[in-house]
Amino acid sequence: MKHLSIVLFSFLVLGCGAAKIEQTTVLNPTNNLKEVRGEVVPNPTESKDNSETNALKSTLEAFSTPEDIEKIMVYLTSNELQGRDTGSEGISKAADFIQNVFEEHNIKPYFSSYRDSLVNYDNGTAYNVVGYLPGTDSKLKDEVIIIGAHYDHIGLLSGQIGDSIANGANDNASGTTTVLEFAKYFGKVKRNKRSIIFAMFSAEEKGLLGSKHLANKLKEENINLYAMLNFEMVGVPMVDKDHSLYLTGYELSNLAEVSNAYANKKLVGFLPKAKEFNLFRRSDNAPFHDVFNVPSQTYSSFDFTNFGEYHKVGDEASKMDFIYMATIVNEVIPVLTGIVNSPIKEIKYN
């Protein structure tokens, strides 16, 4: 997340990272058939005689595991990548990894190449990695949903004793991993009526440069953007909350209501600190809001008390909660499925 004010740290509880994975139990998402505005959400526990329903149920229940999450997180936060600073050799390796995931799971490049270079970036070559899954419905496929996260971090920190690599696990290998899991899922089931762009942004830490570049480029192409759903800092659970994630700009749209209806639980809530620190403007959703004026918001679990290693060398994969992350992926999949397949545009700004 881009440059939170130093005042933020008065709210952090240092050394409060979640425990490293000790088991690989899969926590299932809520799997009830639920009719929302005329559309059946494909998240079933019923109709045992329906082979298609059962196949989807099986895919959902076991799709993302803590082991899956750990494998991606360990690589993206490895010292080999040197903190994924924009323009560096390390972030180029991360881009290769992301591209390989896209290629292996039926996600095509949106442009002529997966890598879309940012214009006028002076410190090396910077590029977003942009994948595409066309919609399956003859009419709804013309509407596009962007599911995104930034994959860059801040690289090496000077003045450190011993470790100088800011590996950026929570910020934002966690969001990157989450979006890669969504890409793997939708690339497998291919049940998205609307088209999906999976966007991995570079240079978020330099001032949201990657998302600004992509928003303007897609606007020039005159795409019909329905919504931009961003994932940032989702590596550890919130503390003492009755929901698992919050939305930046919560009060601006009905996205939380829609998300919770598809999740069949209170998955998404309001975090006052997010509004106080204007996190809506501090992540890659903001440029799409500015350019397209469509619902563009970020899901996060960073609650200002649950992680004290923001922009520090201690932001390591070992402090992430892989069980929580797998659960979030599995619980958000029905939300995304409902949104991309709804026959009507149900996400709206208030």
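The values are calculated or read from the model by the stated rules, or taken from the named source; none is laboratory data. The structure presented is a predicted model; accordingly, all values stated were derived computationally and were not measured. So basically every Cβ, Gly included, is an ideal-geometry build from the backbone, and we count neighbours across all protein chains shown.
Looking at the structure I just gave you, is TYR75 outside any helix (DSSP H, G or I), crowded, with 16+ Cβ neighbours inside 10 Å and touching a helix residue (DSSP H, G or I) at 6+ places or on another chain (Cβ under 9 Å)? In short, no. Taking the numbered list (1) out of contact with any His (no Cβ under 9 Å at 6 or more places or on another chain); (2) closer than 23 Å to SER164 by Cα; (3) not acidic (Asp, Glu) in turn, PHE111 passes all entries but (2).
Among the residues making up segment 274-312, those that are buried (at least 20 other Cβ atoms within 10 Å of the Cβ), of a type in the set (S, T, N, Q) and part of a loop (DSSP other than H, G, I, E, B) are SER283, SER301, ASN306.
Mind checking whether some residue in segment 154-166 is in contact with a strand residue (DSSP E or B) (Cβ under 6 Å, 6 or more places away or on another chain), among the polar types (S, T, N, Q) and at pLDDT 95 or above? Scanning segment 154-166 turns up at least one residue that is in contact with a strand residue (DSSP E or B) (Cβ under 6 Å, 6 or more places away or on another chain), among the polar types (S, T, N, Q) and at pLDDT 95 or above. Being of a type in the set (A, V, I, L, M, F, W, C) and part of a loop (DSSP other than H, G, I, E, B) is the filter; apply it to segment 93-115 and report the residue that is farthest from ASN128 (Cα to Cα). So, considering only residues that are of a type in the set (A, V, I, L, M, F, W, C) and part of a loop (DSSP other than H, G, I, E, B), the one farthest from ASN128 (Cα to Cα) is ILE107. Applying the criterion of being among the small types (Gly, Ala, Ser) and surrounded by fewer than 24 Cβ atoms within 10 Å (Cβ to Cβ) to the residues of segment 145-182, the residue that is nearest to SER64 (Cα to Cα) is GLY155. When you scan segment 266-273, do you find a residue that is small (Gly, Ala, Ser), surrounded by fewer than 22 Cβ atoms within 10 Å (Cβ to Cβ) and farther than 22 Å from SER117 by Cα, even just one? Scanning segment 266-273 turns up at least one residue that is small (Gly, Ala, Ser), surrounded by fewer than 22 Cβ atoms within 10 Å (Cβ to Cβ) and farther than 22 Å from SER117 by Cα.
Residues that are more than 22 Å from SER211 (Cβ to Cβ), of a type outside the set (S, T, N, Q) and at pLDDT 95 or above do not occur anywhere in segment 280-297.
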